[in-house]
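Asker: For reference, the structure I am asking about is given below.
The values are calculated or read from the model by the stated rules, or taken from the named source; none is laboratory data. Everything quoted here is computed from the prediction, not taken from an experiment. Counting neighbours? That spans all protein chains shown, and the Cβs are built from the backbone with ideal geometry, glycine included.
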Amino acid sequence: MNDDTTTTSVATDDQLIETDPGMGGLSEREESTPVTESTVIESRHLNVWYNDTQAIRDVSMEIPENQVTAMIGPSGCGKSTFLRCINRMNDLIDAARVEGELLFNGKDVYDEDVDPVALRRRIGMVFQQPNPFPKSIYDNVAYGLRVQDRTDNLDERVERALKRAALWDEVSDQLDESGLELSGGQQQRLCIARAIAADPEVILMDEPASALDPVATSKIEDLIDDLSEEYTVVIVTHNMQQAARISDKTAVFLTGGELVEFGNTNEIFENPESDRVEDYITGKFG
């Protein structure tokens, strides 16, 4: 599947209560299904089909708060499909069908009373190909804030987002210039700044560095490490070395959409429980 969807901005809990009554308690954590204190996202027997083809098969796992969770596996194993389930991006695909539970702060995001648009404001997403809007650097970052009518202290919010995305020092004197004029790595960091401008709780990244050169990739990896201090980060990567470098937890998906192993990254790479995972990591297949 090609991820050409525009990066979504996010909103705070208070705003969801005020502007999105259809969230059905998604922001009212005290009334939600209890989960482990550090768990932000949990899947329970999640299955996904595209028409008659099953892409995710009975996946259950818990993703912890303020850590980087990497999803690795061969092409077509379902890792990107799982990522898009978290903020219901698969709703945009007519052929997709989801069964099971996927909880965000204890609330099933597929409940009928959950507004997917409001959900995506709290769970931002960055895609493989940088997709800045044909606007100025400033307007790219400010876009979501303006849509949400959060224009108070706009200059400060834009500056803070660009600093968080490690881009401010490079563009502070050219905010009126087009975001499309930036390099590929800068464009990707601009998209990250746009996604975090309104303070999401979770940032999803689908191979955010795969189209970048090594120098730009290194900057993105350093940024991901910094972001995990404030956000929960879930990243799909085809690069196992990258997963080993930047993640706290690693989920290994293999053929057929099966989650074969999930745990601490150092344990997955140094002493996997599954022979299949060891074969994949050592390059015997995949």
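Asker: Tell me yes or no: at least one residue of the range 150-173 is in contact with a Ser or Thr (Cβ under 6 Å, 6 or more places away or on another chain) and not small (G, A, S).
Answerer: No: the range 150-173 contains no residue that is in contact with a Ser or Thr (Cβ under 6 Å, 6 or more places away or on another chain) and not small (G, A, S).
Asker: Moving on to the next point. Could you count how many residues in the range 124-148 are surrounded by fewer than 20 Cβ atoms within 10 Å (Cβ to Cβ) and small (G, A, S)?
Answerer: 1
Asker: For the range 175-189, enumerate the residues that are under 18 Å from D155 (Cα atoms) and not in a helix (DSSP H, G or I).
Answerer: Of everything in the range 175-189, those that are under 18 Å from D155 (Cα atoms) and not in a helix (DSSP H, G or I) turn out to be L175, D176, E177, S178.
Asker: Search the range 196-213 for residues being among the charged types (D, E, K, R) and either on the phi < 0 side of the Ramachandran plot or not in a loop (DSSP other than H, G, I, E, B) (or both), and hand back the single one that is surrounded by the fewest Cβ atoms within 10 Å (Cβ to Cβ).
Answerer: Only one residue tops the list, namely D213.
Asker: Is at least one residue of the range 19-38 modelled with pLDDT of 95 or more, surrounded by fewer than 15 Cβ atoms within 10 Å (Cβ to Cβ) and on the phi < 0 side of the Ramachandran plot?
Answerer: Taking the range 19-38 and keeping what is modelled with pLDDT of 95 or more, we get none.
No.
Asker: Next question. What residue, of T151, T81, is surrounded by 22 or more Cβ atoms within 10 Å (Cβ to Cβ) and polar (S, T, N, Q)?
Answerer: T81
Asker: Go through the range 251-284 and report how many residues are loosely packed, with under 15 Cβ neighbours inside 10 Å and without any contact (Cβ under 8 Å) to a residue 24 or more places away in the chain.
Answerer: Within the range 251-284, residues that are loosely packed, with under 15 Cβ neighbours inside 10 Å and without any contact (Cβ under 8 Å) to a residue 24 or more places away in the chain number 12.
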